[in-house]
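Report on the following structure.
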Amino acid sequence: MASRGSQFAGSMANIVQFEDVGLRYPNSDGDTLSDVHFTLGSGGFYFLTGASGAGKTSLLKLLYLAQRPTSGTIRLFGEDAGALPHARLPGFRRRIGVVFQDFRLVPHLSAFDNIALPLRLSGVPETDIEAPVREMLDWVGLSERAHATPPTLSGGEQQRVAIARAVIGRPEILVADEPTGNVDPDMAARLLHLFESLNRLGTTVVVATHDFHLLGRIQNAHMMRLEAGRLMDPTGALRNPPARPAQ
């Protein structure tokens, strides 16, 4: 499977930058996120960890532009996300694939049609949909389940459909919120292998997880840890990542 993300890897050292970002929800007693500052390199693989309630999902929402920060600056693809006009947001969001913890599949649509949904919403002609969707089904090992609806799929199968839907548009960033939280260890390893193969094609991958068994499975992966809404960065490597070697 080829990825459009790979064409940006050599030209953009940093694909995401959070600068002193804070988030407070209305009617909240305190900040959900405080002074969050980090840089993600293009083509990197990142694990986001932290206890339940630490702010992982909120940080991911900021990353895929479902939420705006209360303070600070978020730069995506070299641009200030907070300064983007509303008309440009859909185009930016299409460059970011999202795998939700609860899958968010359309229950009455088949696996094929769930995966095809982003292409159809983007106006891709039906004649150009069959081949890429079949490729995605094969990639996640669900070619024989193309016509099955989500209620008839196992949790692992639903998660793989969700992953295929997230990457059908060849995103430059893939964000996954606890993707292995509802599957057994063997399926968790299989899902992680899919993320790793996508990353090898140049896509920047961010996986939020509380499963510490996964953290050592990806060579050269970076770990980001949230504690009570603050990002732990004892070495300073998240604020000032080391220079990547020339390709």
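What is the one condition in (1) within 21 Å of the chain's Cα centre (by Cα); (2) buried (at least 17 other Cβ atoms within 10 Å of the Cβ); (3) at pLDDT 95 or above that LEU153 does not satisfy? Of the numbered conditions (1) within 21 Å of the chain's Cα centre (by Cα); (2) buried (at least 17 other Cβ atoms within 10 Å of the Cβ); (3) at pLDDT 95 or above, the odd one out for LEU153 is (1). Anything in segment 65-83 that is part of a loop (DSSP other than H, G, I, E, B) and more than 20 Å from PRO171 (Cβ to Cβ)? List them, or say none. Scanning segment 65-83 gives ARG68, PRO69, THR70. Checked against the criterion of being closer than 23 Å to ILE168 by Cα, crowded, with 18+ Cβ neighbours inside 10 Å, out of contact with any His (no Cβ under 7 Å at 6 or more places or on another chain) and not β-branched (Val, Ile, Thr), the candidates LEU105, LEU89 yield just one match: LEU105. Screening LYS61 with (1) free of Cβ contacts under 8 Å to residues at least 40 places away in the same chain; (2) assigned to a strand (DSSP E or B) gives one miss only, at (2). The listed residues are PRO125, PRO107, and the only one of them that is in contact with a Ser or Thr (Cβ under 7 Å, 6 or more places away or on another chain), modelled with pLDDT of 95 or more and not β-branched (Val, Ile, Thr) turns out to be PRO107. Here is the figure for segment 84-101: residues that are modelled with pLDDT of 90 or more and part of a loop (DSSP other than H, G, I, E, B) total 5. The C-beta contact set for segment 175-194 (first residue more than 29 Å from LEU76 (Cβ to Cβ), second residue of a type in the set (A, V, I, L, M, F, W, C) and not in a strand (DSSP E or B), distance under 7 angstrom, 6+ apart or interchain) comprises VAL183/LEU191.
Taking first residues from segment 210-238 that are closer than 17 Å to GLU178 by Cβ and surrounded by 17 or more Cβ atoms within 10 Å (Cβ to Cβ) and partners that are of a type in the set (Asp, Glu) and at pLDDT below 80, the Cβ contacts under 9 Å between residues at least 6 apart in sequence or on separate chains come to MET224/ASP233; ARG225/ASP233.
The values are calculated or read from the model by the stated rules, or taken from the named source; none is laboratory data. Just so you know, these numbers come straight off a predicted model, no measurement behind them. Positions of Cβ are backbone-derived with ideal geometry, glycine not excepted, and every protein chain shown enters the neighbour counts.
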